[in-house]
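Taking it in order: structure first as structure tokens, then the write-up.
The values are calculated or read from the model by the stated rules, or taken from the named source; none is laboratory data. As the structure is a prediction and not an experimental result, all values here were calculated from the model. Cβ placement follows ideal geometry from the backbone for every residue including glycine, while neighbour counts extend to all protein chains displayed. All accessible areas refer to the heavy atoms of the entire protein, side chains included, with ligands and DNA or RNA removed. Shrake-Rupley method; radii C 1.70, N 1.55, O 1.52, S 1.80 Å.
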Amino acid sequence: MKKETGWVKWNEKTRKDAIGFCEPYKKFLSENKTERLFAESCLRIAEKKGFKPLESFRKLSSGDKFYKMNKGKLLMMGTMGKSSMKNGCRFIIAHIDSPRLDLKTIPVYQDEELCLFKTHYYGGIKKYQWLTIPLAMYATVILKNGERKEFILGEKEGDPVFCITDLLPHLGKDQMKKPLSEAFPGENLNVLVGSIPDLKSKDEKVKNNVLGILKSLAGMEEDDFLSSEFQMVPAGKLRDSGFDRGMVLGYAQDDRICSYTSFMAMMDVPAPEKTSFCMLVDQEEIGSPGATSAQSEFFRFVIEETSEKAGLATSHFRDIIQNSKAISADVNVMLDPNFKEVSDSRNAARAGCGVILSKSTGAAKGGSVEPTAEYLAFLRDLFDRNEVLWQAGEMCKLEQGGGGTVATFFARYNIDTVNCGPGVFSMHAPFELTSKADIYSTYQAYRAFYR
Ligand code: MN
Ligand code: MN
């Protein structure tokens, strides 16, 4: 099967639409670099579009738009369809958490005349990529009295940034002999945060100076780190990449590329045939273990509350769920000219050739939900009828590795579920690279699915 990019297939208008779509995309991802911020900003846009808290409805009928936020980190939005929920719903699930450096519970220490923070990486990272780049700090602190303090440092012009040092090549002889997996131990990912002493304190003067600054920023003491969330992420905005500006470079496109496009698709389909849900989940990068993850019972609670308010009995849960269709909206791999050896070139997805329908993932298909041929036929037909730029793609060569998504948690309910999302270069790196044609085609695909 020959693959062509959107830049070849599309007419002038669609090419312009695709490029235009990516302007607010870059801005939104640049301004919402934590799951809390992302969920909160989506909620604010949804409210402007007429979405209301699910609990504020006594009865739900066709066209009603609602949302439910879970602990500030998991946002589920829905639009009531024309047809009864018993005939099934449409679900798109994407994750809004991304690899980053969290702080340890007791992070602050002084070594020599420097103050550092110990970090604990979140998600699968290649550790060396996080050294020597400017890092921004996002903090949410909850004091013992419940008071909430927040600050961001490193994003505004004039803000300081933070950095983890690396060894100079001149002295890297021993380091460079080691395999990458051993050359950069996690315990060495310590961020340098201060170098000027507080001359009034008795000992650990540099550390005390930093603690004093934290006190003025967030009213916090050292103990308050336990009940706080500090995230270190790459500083700076998402930017156009390439002479022709055909690509986007920036942080956390896995998986906010799917979160943003599925969210925008939900905003742009006011009257779907089937009741439709957009679910933005947390904790995917650490295996979806917690209350704000895709495995949380929160999903079931929202479906139950929605169906009850639509006048259905709790016993209809089975019908609703089993007649539903879901897209696990997550990123995929595309053939990288620098690393062709990991891809099967006949089955690999190509940059710019559109959103990827993935039949199988993982080694020996482990972690794959294996959608039925019937469901894949339904999606092919749907995408073709709606002129969605799409491609089939498998992640990698057999026995090369693999990856999981939240798909299994929905397939488990007996929902037809498929992995469908765009490709990303340098996935999980501080700066990931995507094609504007793929970003737009992902939006097209999700919009068609809701319609
Ligand atoms: Mn992902
Ligand atoms: Mn990921």
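What is the range 231-288 by shape, rounded, prolate or oblate, if you read a ≥ b ≥ c off the alpha carbon gyration tensor as root eigenvalues and call it rounded for a/c under 1.5, prolate for a/b larger than b/c, and oblate otherwise? Cα axes put the range 231-288 in the oblate bin. Once you have a ≥ b ≥ c as the square roots of the Cα gyration tensor eigenvalues for the range 149-271, tell me rounded if a/c is under 1.5, and otherwise prolate or oblate according to whether a/b is larger than b/c. Because a/c hits 1.5 or more and a/b fails to exceed b/c, the range 149-271 counts as oblate.
Peptides 324-335, 403-414: what's the order by average Cβ count within 10 Å, highest mean first? The partial results should precede the final answer.
Numbers: 324-335: 25.9, 403-414: 19.9.
In decreasing order of mean packing, 324-335, 403-414 become 324-335, 403-414.
Pairs of Cα atoms nearer than 8 Å and 6+ residues apart set the relative contact order; for the range 102-234 it is 38 percent.
Could you give the length gained by full extension between PHE151 and LYS49, i.e. 0.36 nm per residue of separation minus their alpha carbon distance, to one decimal place? Present the calculation step by step, with values, prior to reporting the outcome.
Details: separation 102, 0.36 × 102 = 36.72 nm, distance 2.83 nm.
Taking PHE151 through LYS49 to full extension adds about 33.9 nm, to one decimal.
Have a look at the DSSP beta bridges in the chain and tell me what percent are antiparallel, nearest 5. Walk me through the numbers before you get to the answer.
Numbers: 51 of 72 bridges.
In the chain, DSSP labels about 70 percent of beta bridges as antiparallel.
Ligands, DNA and RNA are left out, and with a 1.4 angstrom probe the accessible area of the range 102-234 is 59 Å² per residue. Between 0 and 90 degrees, the angle of helix 35-48 with respect to the longest Cα principal axis of the chain falls at about 50 degrees. Ligands, DNA and RNA left out, the accessible area of the chain computed with a 1.4 Å probe is 52% carbon and sulfur.
By how many degrees, between 0 and 90 and to the nearest 10, does the Cα long axis of helix 205-218 differ from the longest principal axis of the chain? Roughly 40 degrees, rounded to the nearest 10. Summed over the residues of the range 326-451 and divided among them, the accessible surface reaches 41 Å² per residue at a probe radius of 1.4 Å.
Take the alpha carbon gyration tensor of the range 84-204, find the square roots of its eigenvalues, order them as a ≥ b ≥ c, and report rounded if a/c is under 1.5; if not, report prolate when a/b exceeds b/c, else oblate. Taking the square roots of the gyration eigenvalues as a ≥ b ≥ c, the range 84-204 is oblate.
Compute, for TRP7, the solvent-accessible surface of its heavy atoms (probe 1.4 Å) with the complete set of protein chains present, and express it in square angstrom to the nearest 10. My reading of the accessible area for TRP7 is about 80 Å². For the residues ILE415, ILE286, a 1.4 Å probe over the protein chains yields an accessible-area ranking, largest first, of ILE286, ILE415.
For the peptides 441-447, 121-127, 348-354, the ranking by packing is 441-447, 348-354, 121-127, with the highest mean count of neighbouring Cβ atoms within 10 Å listed first.
Only DSSP H runs of four or more residues enter the estimate; each adds -39500 (n - 2.57), and after division by the residues of the chain the mean residue ellipticity at 222 nm equals -8500 deg cm²/dmol.
How do 154-162, 307-315 rank on mean C-beta neighbours within 10 Å, highest first?
Details: 154-162: 12.7, 307-315: 14.6.
With the highest mean Cβ count within 10 Å placed first, the list reads 307-315, 154-162.
Of the options PHE425, ILE356, PHE162, report the single residue whose Cα projects farthest towards the positive end of the charge dipole of the chain (beta-carbon charges: Lys, Arg +1; Asp, Glu -1). Towards the positive end, the residue furthest out is ILE356. This model, with +1 at the C-beta of Lys and Arg and -1 at the C-beta of Asp and Glu, gives the range 102-234 a dipole about its Cα centre of some 240 debye.
Expressed as a rounded percentage, what relative contact order does the chain have, with Cα pairs under 8 Å and six or more residues apart? Provide the component values of the computation, followed by the final result.
Numbers: 953 pairs, mean separation 106.0, N = 451.
Normalised by residue count, the contact order of the chain is 24 percent.
Candidates TYR109, ASN414, SER201 compared by Cα position along the dipole of the chain: farthest toward the positive end lies ASN414, with charges placed on Cβ. Summarising the amide proton neighbourhood of HIS120: residues at separation of 5 or more, or on other chains, whose placed amide H is nearer than 5 Å comprise ASP102, LEU103, LYS104.
So, with +1 on the Cβ of K and R and -1 on the Cβ of D and E, and no other charges, what is the size of the charge dipole of the chain about its Cα centre, to the nearest 20 debye?
Working: 61 positive and 60 negative charges, 274 e Å.
Magnitude of the dipole: close to 1320 debye.
With +1 on the Cβ of every Lys and Arg and -1 on the Cβ of every Asp and Glu, and nothing else charged, how large is the dipole of the range 45-110 about its Cα centre, in debye rounded to the nearest 20? In debye, rounded to 20, the range 45-110 gives about 280.
When GLU432, GLU285, GLU150, GLU47 are compared by accessible area of protein heavy atoms, the largest-first order is GLU150, GLU47, GLU285, GLU432, using a 1.4 Å probe.
Across the range 400-451, C-alpha contacts under 8 Å between residues 6 or more apart give a mean separation that, scaled by the residue count, equals a relative contact order of 21 percent.
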